[in-house]
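Notes for the one structure printed next.
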Amino acid sequence: MTQPNTQPYRSMQSSGSTEPVWVHKLPWSKIPEFPSLDKDLETDIAIIGAGIAGISTAYELVKRGKQVVLVEARNVLSGETGRTSGHLTNDLDDGFVEIAKKHGEEGAKQAAASHAWARDRIGEIAKELNIECEYRRLPAYNISQFPVGEKKHDDELQELKEEAEFQSKIGMETRFDSNLTVRGWTSSIDQRGGMVADNQATFHPTKYLVGVLNWLQTQPNFHCYARTRVMDIKEKGIELLGMGHKTVEISTENGHTIKAENAIEATCVPLQKLSVITQLEFYRTYCIAVRVPKGSIEDCLLYDNAEEYKYVRLTACDEKDDYLVVGGCDHKVGQEETTSRFDELEKWTRERFPQAQAGSADYKWSGQIFEPVDYMGFIGKNQANDKIYIITGDSGDGLTHGVLAGRLLADEIEGVKNPWADLYSPKRVASILKSLPSMIGHDLQINAQYKRFLQTDIQDIEDLPRGCGGVLNKATQKPVAVYKDENGNVKQFSALCPHLKGVVCWNHVEKSFDCPVHGSRFSKEGICVSGPAKAGLAPADEAGEKEQVAAAA
């Protein structure tokens, strides 16, 4: 279980070659399959993207009687939802002291309330639909990354004390405990003390969403189409001063059209060139799952206070053991080496939890995070649109973010005033203006990634080991992304990301080509597995073309 799955065409199942721990209880074969769209159609609401945001929004709209069509470029649940760590909390990553600096105390209060609603909503739906998905309540602990006795430990505890006081002020069940310890942390490394956010939750994400999908399939006003890649989405018609009528027209790669009254892009990142995308930063994050004796570690959510912080939880393994799921080691997409991250996570885990079984972790995987510059996601009408909505910028809290989006967009489409709407509006201005310095720095850093046009990963295809990829960039030719499979067969693709022509980098962990500019990712066959790119890498030889066609079949 420690090695990446080498099935030749994993790219339609998942956005990486590694397997997340969730397949231990729910293998890929148990995820529902849906047909490809083979005709033009019309509907009330078209939703693009079948992860937690798309499925949750479909659920809320179907419950309100809307006719909903859900489409997914690959298989359902093939994106980032299945590669999360399954935390459900309104104790948000960026901290409410910082959130209030951009959005004010009222904005912080609405952020806490909206994510609390989503956390609780998952429990309500799981109970209503009788979904067994390990949903349970538990505390979240926030601790210093430094050991007792260091000044940095005292400084971070002071920050956590101030955060706890502010969270309590805005209505959260949070307190500071200077003697906080985690049962089962038996190491001599002493990081005691920290913040406790009570009444948080966790679950098995794919078991939950398969249960919701199974219910949706029984509803006459719901239809789902997989392996249906959207290539264009635009508004048609004119509405002015209450006169006229706009609709949305969606064009798919296989030549079909969906006409809808409203459309929702639940695609992690919108399918467009810039706009909101310039207000996001794109990160990879890493997880391991290590066996520990059942009951030997407290069932809690645990976070340290590092910038690239560690996050910890338990999930079921078997009658004897649980899995301790530990994540962290984030970095910008395509800009750092990936292979050392799992070793760092294992070292950190075993130093603090000696009961973690010897040997390599059973599961190791990575996922993608979309960080908005002002800490809040973007949920609502896309910039310059009236009938096209987006859900993006999860900021590491994508599970609750996707669920709250369902209620917010269902309300907005029905004309119901939602107290969270202004906070998450993609058209907001004030908090973005406060973030201009960080945006400018990010843009400069992103533009610097075009240096890849002057770099090559390999001098000759013969240099490439089997099972690896890289970019061959000869001075007289356009850069080529090369993959050599385990049998020594070579496939070549354009190394230029279709989004804004960044030169991709090889991700050794996930066997993918990742764009360092705006985070688009492509499988070893060149298939787009994460936007904002809509299309894959163009094949550069016959072998690449055949491989891409076979992988998408």
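The values are calculated or read from the model by the stated rules, or taken from the named source; none is laboratory data. Just so you know, these numbers come straight off a predicted model, no measurement behind them. Here the Cβ positions follow ideal geometry from the backbone for every residue, glycine too, while neighbour counts run over all protein chains shown. For the accessible areas, the whole protein counts, side chains as well, though only heavy atoms, and no ligand, DNA or RNA atoms are used. Shrake-Rupley method; radii C 1.70, N 1.55, O 1.52, S 1.80 Å.
Can you say whether Ile55 is in a strand (DSSP E or B) and crowded, with 24+ Cβ neighbours inside 10 Å, as far as the supplied structure shows? No, not satisfied. Going residue by residue through the range 459-469, is there one that turns out to be of a type outside the set (A, V, I, L, M) and either assigned to a strand (DSSP E or B) or touching a helix residue (DSSP H, G or I) at 6+ places or on another chain (Cβ under 7 Å) (or both)? Scanning the range 459-469 turns up at least one residue that is of a type outside the set (A, V, I, L, M) and either assigned to a strand (DSSP E or B) or touching a helix residue (DSSP H, G or I) at 6+ places or on another chain (Cβ under 7 Å) (or both). Quick one: Met243 ticks every box in (1) out of contact with any strand residue (DSSP E or B) (no Cβ under 9 Å at 6 or more places or on another chain); (2) on the phi > 0 side of the Ramachandran plot except a single one, so which number is it? Failing condition for Met243: (2).
Per the listing Asp457, Asp443, Asp514, the residue uniquely in contact (Cβ under 8 Å) with a residue 60 or more places away in the chain and buried (at least 18 other Cβ atoms within 10 Å of the Cβ) is Asp514. Of the residues making up the range 470-509, just one is among the β-branched types (Val, Ile, Thr), part of a loop (DSSP other than H, G, I, E, B), closer than 21 Å to Lys451 by Cα and open to solvent by less than 70 Å² (accessible area, probe 1.4 Å), namely Val504.
When Thr218, Thr252, Thr202 are checked against the criterion of being at negative phi, of a type in the set (Val, Ile, Thr), out of contact with any helix residue (DSSP H, G or I) (no Cβ under 9 Å at 6 or more places or on another chain) and surrounded by fewer than 15 Cβ atoms within 10 Å (Cβ to Cβ), a single residue qualifies: Thr218. The lone criterion from (1) aliphatic (A, V, I, L, M); (2) assigned to a helix (DSSP H, G or I); (3) touching a Leu at 6+ places or on another chain (Cβ under 8 Å) left unmet by Val69 is number (2). Working only within the range 59-69, note down all residues that are over 20 Å from Phe378 (Cβ atoms) and either out of contact with any Ser or Thr (no Cβ under 7 Å at 6 or more places or on another chain) or surrounded by 24 or more Cβ atoms within 10 Å (Cβ to Cβ) (or both). If the condition is that a residue be over 20 Å from Phe378 (Cβ atoms) and either out of contact with any Ser or Thr (no Cβ under 7 Å at 6 or more places or on another chain) or surrounded by 24 or more Cβ atoms within 10 Å (Cβ to Cβ) (or both), then Tyr59, Val62, Lys63, Arg64, Gly65, Lys66, Val68, Val69 are the ones that fit.
Every listed requirement among (1) over 29 Å from Gly49 (Cα atoms); (2) within 20 Å of the chain's Cα centre (by Cα) is met by Asn489 save one, (2).
Charged (D, E, K, R), modelled with pLDDT of 95 or more and touching a Pro at 6+ places or on another chain (Cβ under 9 Å): does that describe Glu298? For Glu298, the condition - charged (D, E, K, R), modelled with pLDDT of 95 or more and touching a Pro at 6+ places or on another chain (Cβ under 9 Å) - is met.
Here is a yes/no grid of residues against (1) touching an Asp or Glu at 6+ places or on another chain (Cβ under 8 Å); (2) closer than 30 Å to Ile390 by Cβ:
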site	(1), (2)
Tyr424	no, yes
Arg428	yes, yes
Met439	no, yes
His442	yes, yes
Ala448	no, yes
Asp457	no, no
Ile461	no, no
Gly467	yes, no
Lys474	no, no
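Test Asp394 against the stated conditions and say whether it is within 22 Å of Glu80 (Cα to Cα) and not polar (S, T, N, Q). Yes: the conditions hold for Asp394. If I ask for residues that are among the β-branched types (Val, Ile, Thr) and without any contact (Cβ under 8 Å) to a residue 24 or more places away in the chain, which ones from the range 382-434 would you list? Result: Val416, Val429.
Is there a residue in the range 130-151 that is in contact (Cβ under 8 Å) with a residue 12 or more places away in the chain, closer than 25 Å to Lys169 by Cβ and part of a helix (DSSP H, G or I)? No - not one qualifying residue is present in the range 130-151. You will find that of His518, His508, the residue that is out of contact with any Pro (no Cβ under 6 Å at 6 or more places or on another chain) and farther than 22 Å from Ala550 by Cβ is His508 and no other.
Name the residues in the range 287-306 that are outside any strand (DSSP E or B) and in contact with a helix residue (DSSP H, G or I) (Cβ under 8 Å, 6 or more places away or on another chain), would you? If the condition is that a residue be outside any strand (DSSP E or B) and in contact with a helix residue (DSSP H, G or I) (Cβ under 8 Å, 6 or more places away or on another chain), then Asn305 is the only one that fits.
Scanning the range 88-109 for residues that are in a helix (DSSP H, G or I), open to solvent by less than 50 Å² (accessible area, probe 1.4 Å) and touching a residue at least 24 places away in the same chain (Cβ under 8 Å) returns Phe96, Ile99, Ala100, Lys102, His103, Gly107, Ala108. The single residue among Glu265, Glu235, Glu281 that is closer than 30 Å to Glu412 by Cβ, in contact (Cβ under 8 Å) with a residue 60 or more places away in the chain and more than 24 Å from the chain's Cα centre (by Cα) turns out to be Glu235.
Of the residues contained in the range 100-112, none is found to be out of contact with any helix residue (DSSP H, G or I) (no Cβ under 7 Å at 6 or more places or on another chain) and modelled with pLDDT under 95. Candidates Pro147, Pro139: the one that is open to solvent by 20 Å² or more (accessible area, probe 1.4 Å) and in contact with a strand residue (DSSP E or B) (Cβ under 8 Å, 6 or more places away or on another chain) is Pro139. Checked against the criteria, Asn130 does not count as open to solvent by less than 60 Å² (accessible area, probe 1.4 Å) and within 21 Å of Thr202 (Cβ to Cβ). Count of the range 202-254 residues, restricted to those that are at pLDDT below 95, in a loop (DSSP other than H, G, I, E, B) and either among the hydrophobic types (A, V, I, L, M, F, W, C) or under 21 Å from Asn130 (Cβ atoms) (or both), is 1. If the condition is being under 22 Å from the mean Cα position of the chain (by Cα) and at pLDDT below 75, then the range 405-455 contributes Met439, His442, Asp443, Ile446. For the range 14-52, filtered to residues that are part of a helix (DSSP H, G or I) and β-branched (Val, Ile, Thr), the residue that is farthest from Tyr363 (Cα to Cα) is Ile52.
When the residues of the range 163-194 are filtered to those that are open to solvent by 40 Å² or more (accessible area, probe 1.4 Å), free of Cβ contacts under 8 Å to residues at least 40 places away in the same chain and part of a loop (DSSP other than H, G, I, E, B), the one that is nearest to Tyr141 (Cα to Cα) is Thr181.
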